[in-house]
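Here the structure is laid out as structure tokens; the discussion comes afterwards.
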Amino acid sequence: MNILLLGSGGREHALARSIAQSKLCSQLFIAPGNPGTAQHGKNILLSPTDFDAIKKCCLENKIELVVVGPEDPLVKGIYDFFISDIELKKIPVIGPSKDAAQLEGSKAFAKEFMLKHNIPTAAYQSFDVNSLEKGVEFIRALNTPVVLKADGLAAGKGVLICKTLDIAEEEFRNMLHGKFGSASERVVVEEFLHGIEMSVFILSDGLNYLLLPTAKDYKKIGEGDTGLNTGGMGAISPVPFADDLLMKKIVGQMIQPTIDGLQEDKLVYKGFIYFGLMIVNGEPFMIEYNCRMGDPETEAVLPRIESDLVELFLATANEKLSVKKISISSKYCATIVLTSGGYPELYEKGKTISGIESIKNSVVFHAGTTMTNGELQTSGGRVLAITSLGNTLEEALKISKSNAEKIQFEEKYFRHDIGFDVLNLKN
Ligand code: AMP
Ligand code: GLY
């Protein structure tokens, strides 16, 4: 079958690679894709949120399955667009409906869902400009640090961890007065949870689900988890401390109640669900839902999945996941992201990339790259993601790190300490 994949980052390169490996995939199209996805299919220059252009592309190329990488088209309702169009309704879209995508699109919606379905999460309240003074009172009664979250999508920048109550109050006022535009018209204020983060992913057909490999990403730019937040500087899979007992709690307290809650609330969901968790003294708490896979977690998770991904997508679309099994490699996977110097603040683009052809034993996923006059150049903050499998986490990390050294571009930066916290936990 012909498949269309939407998106253009490292996540989409990893998805494209796995989809192209499927015996069910005849032709893969990626919109807009990047030079990495072009190794596995045909890139088509259109925006993932231009639904009319996507419709035209689907009809022209006889697309029979659409896989959505990023959150934007999902939150904007691409699932509903297909279902309600007479020519597109037969083409399954892997992703949630617009209503269900609110689990990522609105932090207040997600918190209400968690509360309603008894899913453990940080205590919180949400406020808008009309309840601003109440919000200030609520903040003043919290312990520090205080967590402020813009309700809507803010490109990963909408969460502020405020060290003092004065800073929290000031930022809260700024947010309600447009700091993140319409995304912060509503602000969720919540208590800070002290613990260790991890992510769990499932593929759900709305009734059943398959548990995908666990992962941990590293969001801070600096080693030792310091400095500014980024889209993600690396990831490991599986999470060594996610033992059977913890996974049982996560399934019982988060995953099953989410599946049950989606049905109870009549939220149509046929896609990936990303559970962002904080583990506090061995107890899991939900930090956030994402309605898609993570980036760079996908680059560490998919290489461990041995099952045919397209087969799993079709079972998802046909509500047949209950009869599917997923085969997962017991190897460890480590992904290290190479970024442009200056990221996540100002950085330069257009730097020549060399050395990829010399890489052995790793997969090099493209994120922010472009082919200009036959030359591979940087075109974004996160440029490449180097992924390696190993019999131990240490081994996987060692291979990725040594290959990260071999790729060259001016002002290349990467974190040398990905995995440091879980390696220390084991010692
Ligand atoms: P989010 O966009 O919800 O993933 O938040 C971004 C990051 O902020 C998370 O990955 C956590 O590191 C941190 N964070 C969010 N909420 C909390 C919380 N309640 N307690 C501690 N850290 C948090
Ligand atoms: N790596 C975090 C995310 O994809 O949201």
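A few remarks follow.
- When the stretch 226-246 is filtered for residues that are open to solvent by 60 Å² or more (accessible area, probe 1.4 Å) and either modelled with pLDDT of 95 or more or over 17 Å from the mean Cα position of the chain (by Cα) (or both), the ones remaining, listed by number, are T226, L228, D243, D244, L245.
- Considering residues of the stretch 272-302 that are near ligand 2 (Cβ under 10 Å from one of its atoms) and among the polar types (S, T, N, Q) only, the residue farthest from Q253 (Cα to Cα): T298
- Restricting the stretch 12-59 to residues that are part of a loop (DSSP other than H, G, I, E, B) and of a type in the set (D, E, K, R) leaves a set whose member that is least open to solvent (accessible area, probe 1.4 Å) is D50.
- If you filter the stretch 171-211 down to residues that are among the polar types (S, T, N, Q) and in contact (Cβ under 8 Å) with a residue 60 or more places away in the chain, you find that the one that is nearest to G234 (Cα to Cα) is S199.
- Any hit, the stretch 250-266, residues being surrounded by 18 or more Cβ atoms within 10 Å (Cβ to Cβ) and within 15 Å of ligand 2 (Cβ to nearest atom): no
- Here M286 clears all of (1) away from ligand 1 (no atom under 16 Å from the Cβ); (2) in contact (Cβ under 8 Å) with a residue 60 or more places away in the chain except the condition numbered (1).
- For the stretch 175-192, filtered to residues that are closer than 19 Å to A141 by Cα and surrounded by fewer than 19 Cβ atoms within 10 Å (Cβ to Cβ), the residue that is farthest from ligand 1 (Cβ to nearest atom) is E191.
- Residue in the stretch 303-313 that is more than 16 Å from ligand 2 (Cβ to nearest atom), of a type in the set (S, T, Y) and open to solvent by 40 Å² or more (accessible area, probe 1.4 Å) present: no
- Residue selected from the stretch 325-347 under the condition over 21 Å from the mean Cα position of the chain (by Cα) and surrounded by 17 or more Cβ atoms within 10 Å (Cβ to Cβ), by the criterion farthest from G419 (Cα to Cα): Y347
One line per residue, one yes/no per condition, for (1) free of Cβ contacts under 8 Å to residues at least 12 places away in the same chain; (2) over 22 Å from I250 (Cβ atoms); (3) within 16 Å of ligand 2 (Cβ to nearest atom):
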{"site": "A100", "(1), (2), (3)": "no, no, no"}
{"site": "G105", "(1), (2), (3)": "no, yes, yes"}
{"site": "E112", "(1), (2), (3)": "yes, no, no"}
{"site": "L115", "(1), (2), (3)": "yes, no, no"}
{"site": "A123", "(1), (2), (3)": "no, no, no"}
{"site": "N130", "(1), (2), (3)": "yes, yes, no"}
{"site": "E137", "(1), (2), (3)": "yes, yes, no"}
{"site": "A154", "(1), (2), (3)": "no, yes, yes"}
{"site": "L160", "(1), (2), (3)": "no, yes, no"}
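Rundown of residues vs (1) of a type outside the set (K, R); (2) more than 13 Å from ligand 1 (Cβ to nearest atom); (3) open to solvent by 50 Å² or more (accessible area, probe 1.4 Å), yes/no style:
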residue: H117; (1), (2), (3): yes, yes, no
residue: L142; (1), (2), (3): yes, no, no
residue: P145; (1), (2), (3): yes, no, no
residue: L153; (1), (2), (3): yes, no, yes
residue: T164; (1), (2), (3): yes, yes, yes
residue: H194; (1), (2), (3): yes, no, yes
residue: E197; (1), (2), (3): yes, no, yes
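The values are calculated or read from the model by the stated rules, or taken from the named source; none is laboratory data. Predicted, not measured: the structure shown is a model, and the values here were computed from it. Reconstructed Cβ throughout: ideal geometry from the backbone, glycine too, with neighbour counts over all protein chains shown. Note: accessible area is taken over every heavy atom of the protein model, side chains too, but ligands, DNA and RNA are not part of it. Shrake-Rupley method; radii C 1.70, N 1.55, O 1.52, S 1.80 Å.
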